[in-house]
Amino acid sequence: MMLSKRLSGVEESATIRMGHIAKKLQEEGKEVLNFTLGEPDFKTPEHICEAAMRALDLGYTHYTSSAGIEELREAIAEKIREENKVDASVENVIVTPGAKQAIYELMMSVLDEGDEVILLDPAWVTFESAVKIAGGEPKWVKRVEEEVKYESLESVASGNTKIMIINSPNNPVGYVLGDSELKEIAEFAVDHNLLVLSDEIYEKILYYGKRHVSIASFNGMQERTVIINGFSKTYAMTGWRIGYAVAPPEIMKGMLKIQQHSVTCAPSIAQYAALTALRSSQECVAEMVDEFKRRRDVIVMRLNEVGLRCLNPEGAFYAFVNTSNHGDGIEFTERLLKEAYIVVTPGSAFGLAGKDYVRFSFAASIEDILEAMERIESTFPEARHFRG
Ligand code: PMP
């Protein structure tokens, strides 16, 4: 009764909820296989942990400058210039307690009540909620197996449209936006004077020789793009809470105000750890990506063998599986849970277009993946008839 109007229509995070269900079943002694995890299951590499211990020894345990320590902001700007071909400097960079916080700060700094935000459907759950909390209105354009076209974006645009959100490599579908799609989105953003939030947090987790291109590197886009990225996925650092945004200076300053008056700064020790992550050898990233590749190959092959059509993940670590031969995604999720103790996330949690899908995270061991496929084969023996 006391909650604000802003929170109406904002759901508890579905992915976190499914994780709780898995945990509860485990506590009841069930042999649960959990495929809901949105985080790498690897340990944070040793040299990064050591950097944190050094920071502790050196007494770096106080507030830092609100936008983040200078050395880390400089290292991020350098990375963005060299890898993403975007002309960033320290003034563009804000270090945040997780990429999630950067998304929230951006929405709170630019949206007014009733402003509209275009989202590709399905989309990671936090985008819609952050838009709504900030008083914005999400407008959806379907992007599952079809590419984004200028005309489809145009069909939902209005005088109130202010932001377009993209996320490539994508959670939950696993696609990587190609050059032609990015070009259409960039043209659309320029023509309609929109800001683009480009969530690039999975940029290093790529398969099939795909490459990551930041939309901010397109002509006329840097001044209207906010790149969101972080250390959670690339360096298996979800618990350290370090993300960042690279934004035009005015927007960065707006976000900084929200940060100053909410969380003050990102955790000091974790910032020093993140600095070491960026400045050291990237071998650990390659090793983790290799392991994800092995798992992706196994899960894609086995899903297709058991008769579940799965879209080939081009990046990130999710397999988006079409369940329409067995009911919609929610029905399928319930059956998996009740009959096979397998926990996945129904695609509808990410938007209407995900209705007939479920998301398997393959941040899980190969053994668990193989065991799950055996259980699915015995729970849905009819599925094999649909083998493509
Ligand atoms: N963006 C996307 C697309 C994600 O999937 C996630 C994690 N599930 C995040 C951001 C959150 O990152 P962080 O841990 O830095 O808040």
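The values are calculated or read from the model by the stated rules, or taken from the named source; none is laboratory data. None of these values were measured; they are calculated from a predicted model. As a convention, Cβ positions derive from the backbone with ideal geometry for all residues, glycine included, and neighbour counts pool all protein chains shown. Heads up: the accessible areas ignore ligands, DNA and RNA and are worked out on the full protein's heavy atoms, side chains in. Shrake-Rupley method; radii C 1.70, N 1.55, O 1.52, S 1.80 Å.
Couple of notes before you dig in:
- Contact annotation: no residue pair with Cβ atoms under 6 Å, 6 or more positions apart or on different chains, pairs a residue in the stretch 113-137 that is outside the structural domain of residue 185 (by TED's automatic domain parsing) and assigned to a helix (DSSP H, G or I) with a partner that is open to solvent by 20 Å² or more (accessible area, probe 1.4 Å) and more than 15 Å from the ligand (Cβ to nearest atom).
- Some residue of the stretch 347-359 being more than 20 Å from the chain's Cα centre (by Cα), farther than 19 Å from residue 206 by Cα and open to solvent by less than 20 Å² (accessible area, probe 1.4 Å): no
- Members of the stretch 18-49 found to be assigned to a helix (DSSP H, G or I) and either touching a residue at least 24 places away in the same chain (Cβ under 8 Å) or within 14 Å of the ligand (Cβ to nearest atom) (or both), listed by number: 18, 19, 21, 22, 25, 47, 48, 49
- Any hit, the stretch 202-218, residues being among the small types (Gly, Ala, Ser), under 23 Å from residue 110 (Cβ atoms) and open to solvent by 30 Å² or more (accessible area, probe 1.4 Å): yes
- Here is the figure for the stretch 166-187: residues that are acidic (Asp, Glu) and either within 11 Å of the ligand (Cβ to nearest atom) or touching a helix residue (DSSP H, G or I) at 6+ places or on another chain (Cβ under 9 Å) (or both) total 2.
- Top-ranked residue of the stretch 166-182 - restricted to ones that are touching a Ser or Thr at 6+ places or on another chain (Cβ under 9 Å) and not in a loop (DSSP other than H, G, I, E, B), ranked as surrounded by the fewest Cβ atoms within 10 Å (Cβ to Cβ): 181
- Matching residues in the stretch 188-217 - criterion: being more than 13 Å from the ligand (Cβ to nearest atom) and acidic (Asp, Glu): 191
- Top-ranked residue in the stretch 89-112 [being open to solvent by less than 20 Å² (accessible area, probe 1.4 Å), more than 28 Å from residue 153 (Cα to Cα) and outside any helix (DSSP H, G or I); ranked as farthest from the ligand (Cβ to nearest atom)]: 93
For (1) assigned by TED's automatic domain parsing to the domain that holds residue 194; (2) at pLDDT 95 or above; (3) in contact with a Phe, Trp or Tyr (Cβ under 7 Å, 6 or more places away or on another chain); (4) of a type in the set (S, T, N, Q), each residue gets a yes or a no:
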site: 67; (1), (2), (3), (4): yes, yes, no, no
site: 74; (1), (2), (3), (4): yes, yes, no, no
site: 84; (1), (2), (3), (4): yes, yes, no, yes
site: 96; (1), (2), (3), (4): yes, yes, yes, yes
site: 106; (1), (2), (3), (4): yes, yes, no, no
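- Breaking point among (1) open to solvent by 20 Å² or more (accessible area, probe 1.4 Å); (2) not assigned by TED's automatic domain parsing to the domain that holds residue 364, for residue 27: (2)
- Filtered residues of the stretch 229-270 (kept if in contact with a Phe, Trp or Tyr (Cβ under 8 Å, 6 or more places away or on another chain), part of a helix (DSSP H, G or I), within 13 Å of the ligand (Cβ to nearest atom) and open to solvent by less than 50 Å² (accessible area, probe 1.4 Å)): 270
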